[in-house]
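This report concerns only the one structure given below.
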Amino acid sequence: MELLNQNLPHGANIGGDISLMLELPENDRFFKKKKKLLEDMGSHAKHTSIHSSASPGEVESSLLLMLQRARIINLDELELYFGGEDVKDMVGFNSPRNEMEALNSILTAIAKLDGEHCSTTTLEELRVAAVNLISELGKKCEEESKVVTRSSCEAEKCLQQWGEDQGVKSQLEISYFEGAGRGAIARQDLRIGDIALEIPLSIVISDDIVHEYYMYSILEKIEGMSAETMLLLWSMKEKHNRDSKFKLYFDTLPEVFNTGLSFGMEAIMALDGTLLLEEIVQAKEHLRAQYDELFPSLCNDHPDVFPPEQYRWEQFLWACELWYSNSMKIMFSDGKLRTCLIPIAGLLNHSTCPHIMHYGKVDSTTNSIKFPLSRSCNAGQQCFLGYGSFSSSHLLTFYGFLPQLDNYYDVIPLDIDVASNEDCADTDPTPDWTSHMVRGTWFSKNHGIFHYGLPPPLLDSMRRSRNPSLQSMTLTPENLEIELDILRDLCSMFEEMRDGLGDPELDNRETTSCDVKLAADFKDLQRRIFSSIVASCQAGCELVECELQIYTL
């Protein structure tokens, strides 16, 4: 699908009487970068036009042009970083997230025009074609989800019934899945735009609820006390409140969360050699320091409100894990972004290609939070929710799982000293990146000379550190020697990082401990990433050496 304007059939995008707008917002954080890419693509206009009597071929070509533009508009920071500045690399597939956002933005543009034209046949053909592309993407990204029928969901069924009594509208049913625990399946066939779940604000747990409790008058007087910390303390107490409005919700929560924050010593040791080990240790140290600032002083000063038996360190960590793994950021009608627990919705599982992507805003007309589908979900199929664009290390630490599919956000930050071209920052619409990272090179589209499957900004910065006057890459002996130098340095660096993970044969594969298995799986993922970079650097060296031989003949 890497088709640019000049490849389109003559007339597919000129003189049409149906015009769809796909606009790049001027407040986009990367407006200049994306604008340049759109200009390089030849897409200067905000509108894409098509004849109301267009042929099927013209409809297909116009949709492809819209999709190319929409992909660029919906690029995020990582996709821009790893894609570089070559528009040919950016107008093709970038990630499941980007593809879903792009296709759904086209459907939104079509919906805005639907009914405004005498003939809507072409619009309908465009809509059907876009929906089909989303369906194809869903099939490629399908995850295995086997329902475990022997598992009981009585507590969850009680919660669902309570929710419906409180005004919840749901097209989903909570089930247990093999290897994934709880999740939700569609009760019937659901299509794009259908509301899978609607939760009234009356059962959403946000900082407003703490204001209604007697502990608030104590906590508000403590300097630096955040709304999130208040909610942690409220949760620790409400868990034991038999008369709580949310008792059925708390009854569905596990006694122990299996996130990285509660990894045992064996699992922690299994992470030796990974950056994640340090991240988990630092996160726990931060939480422990936060706990020590609050306790035992709160218990000593207000034992009736904060009884010591309910506010031990283990219970504080439990509450932290609850909010890390189950909370959602929601924009309320007053414009305030709040961290919330949303009963029932929190039971849905994550996917890198979810059915539900946009759910973070209160619908002021219904005073509820709606969960619409961005791709269809058939009856009996697990309905996935997108938690966010998180790396596997983040998902393991704060959610306690690793994605089943390849994760485009599995990046490794690099702490290396590279040059920056600050003189160009004011004039260059695509200024240099100030920090660098890598990921598995299997995601890259370009493994040729000067690319090697590695991120272009990283390579460019390393080139300028060796030759500050370098303007463009050409096949000269001097440039090729620089390439070899860079590739050998990177290869050595990542060989050392890979070897630092130890021998995979020595990892404990026989344990029945969930946390140790997760740690070993994460280590395997790190090895795979490092090995791909080493292999790409070695292949790159061979490419460069072949070119250098030409100059020595």
Verdict on Lys284 being within 26 Å of Ala519 (Cα to Cα) and not polar (S, T, N, Q) | yes
Pick from Ile529, Ile486, Ile533, Ile482: which is over 30 Å from Asp406 (Cβ atoms), β-branched (Val, Ile, Thr) and open to solvent by less than 50 Å² (accessible area, probe 1.4 Å)?
-> Ile482
Got at least one residue in the range 159-174 being within 20 Å of Ile356 (Cα to Cα), part of a strand (DSSP E or B) and among the hydroxyl-bearing types (Ser, Thr, Tyr)?
-> yes
Give the residues of the range 444-489 that are among the small types (Gly, Ala, Ser) and in a loop (DSSP other than H, G, I, E, B), sorted by residue number.
-> Ser444, Gly448, Gly453, Ser469, Ser472
Sort out which residues of the range 365-390 are touching a Lys or Arg at 6+ places or on another chain (Cβ under 9 Å), among the polar types (S, T, N, Q) and open to solvent by 20 Å² or more (accessible area, probe 1.4 Å), and write them in order of number.
-> Ser376, Ser389
From the set of residues in the range 536-553 that are touching a residue at least 60 places away in the same chain (Cβ under 8 Å) and either charged (D, E, K, R) or outside any helix (DSSP H, G or I) (or both), which is most open to solvent (accessible area, probe 1.4 Å)?
-> Glu545
Residues in the range 255-278: is at least one open to solvent by less than 10 Å² (accessible area, probe 1.4 Å), more than 24 Å from Ser513 (Cα to Cα), touching a helix residue (DSSP H, G or I) at 6+ places or on another chain (Cβ under 9 Å) and not charged (D, E, K, R)?
-> no
Would you pick out the residues in the range 448-474 that are among the hydroxyl-bearing types (Ser, Thr, Tyr), closer than 19 Å to His436 by Cα and modelled with pLDDT under 95?
-> Ser461, Ser465
Return the total of residues in the range 41-80 being assigned to a loop (DSSP other than H, G, I, E, B), out of contact with any Phe, Trp or Tyr (no Cβ under 8 Å at 6 or more places or on another chain) and open to solvent by less than 10 Å² (accessible area, probe 1.4 Å).
-> 0
Would you call Ile344 surrounded by fewer than 19 Cβ atoms within 10 Å (Cβ to Cβ) and either in contact (Cβ under 8 Å) with a residue 12 or more places away in the chain or among the basic types (Lys, Arg) (or both)?
-> no
Find all pairs meeting these conditions: Cβ atoms under 9 angstrom apart; at least six residues apart or on different chains; first residue within the range 159-170 and farther than 15 Å from Leu347 by Cα; second residue surrounded by fewer than 19 Cβ atoms within 10 Å (Cβ to Cβ) and among the hydroxyl-bearing types (Ser, Thr, Tyr).
-> Gln166/Ser202; Gly167/Ser202
What number of residues within the range 209-248 satisfy the criterion of being more than 14 Å from Gln315 (Cα to Cα), in contact with a strand residue (DSSP E or B) (Cβ under 8 Å, 6 or more places away or on another chain) and either open to solvent by 20 Å² or more (accessible area, probe 1.4 Å) or assigned to a helix (DSSP H, G or I) (or both)?
-> 2
For Ile209, indicate whether it is in contact (Cβ under 8 Å) with a residue 12 or more places away in the chain, over 25 Å from Leu287 (Cα atoms) and not hydroxyl-bearing (Ser, Thr, Tyr).
-> no
Return the residue satisfying two criteria in turn: it lies in the range 133-158 and is of a type in the set (Lys, Arg) and assigned to a loop (DSSP other than H, G, I, E, B), and of such residues it is most open to solvent (accessible area, probe 1.4 Å).
-> Arg150
Applying the selection to the range 349-361, what residues are in contact with a helix residue (DSSP H, G or I) (Cβ under 7 Å, 6 or more places away or on another chain) and open to solvent by less than 10 Å² (accessible area, probe 1.4 Å)?
-> Cys353
Search result, residues across the range 494-520 that are among the aliphatic types (A, V, I, L, M) and at pLDDT 80 or above | Met497, Leu501, Val516, Leu518, Ala519, Ala520
Evaluation of Leu103 against (1) farther than 20 Å from Val411 by Cβ; (2) open to solvent by less than 40 Å² (accessible area, probe 1.4 Å); (3) in contact (Cβ under 8 Å) with a residue 60 or more places away in the chain; (4) of a type outside the set (Val, Ile, Thr) (one fails), failing number | (3)
Could you grab the pairs with beta carbons closer than 6 Å, sequence gap of 6+ or different chains, first residue in the range 178-202 and without any contact (Cβ under 8 Å) to a residue 60 or more places away in the chain and more than 15 Å from Ala345 (Cβ to Cβ), second one buried (at least 16 other Cβ atoms within 10 Å of the Cβ) and of a type outside the set (A, V, I, L, M, F, W, C)?
-> none
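The values are calculated or read from the model by the stated rules, or taken from the named source; none is laboratory data. This structure is a prediction, so every number in the text was calculated from the model and none was measured. Note: ideal-geometry Cβ built from the backbone for every residue, glycine included; neighbour counts use all protein chains shown. These accessible areas exclude ligands, DNA and RNA; they are computed on the full protein's heavy atoms, side chains included. Shrake-Rupley method; radii C 1.70, N 1.55, O 1.52, S 1.80 Å.
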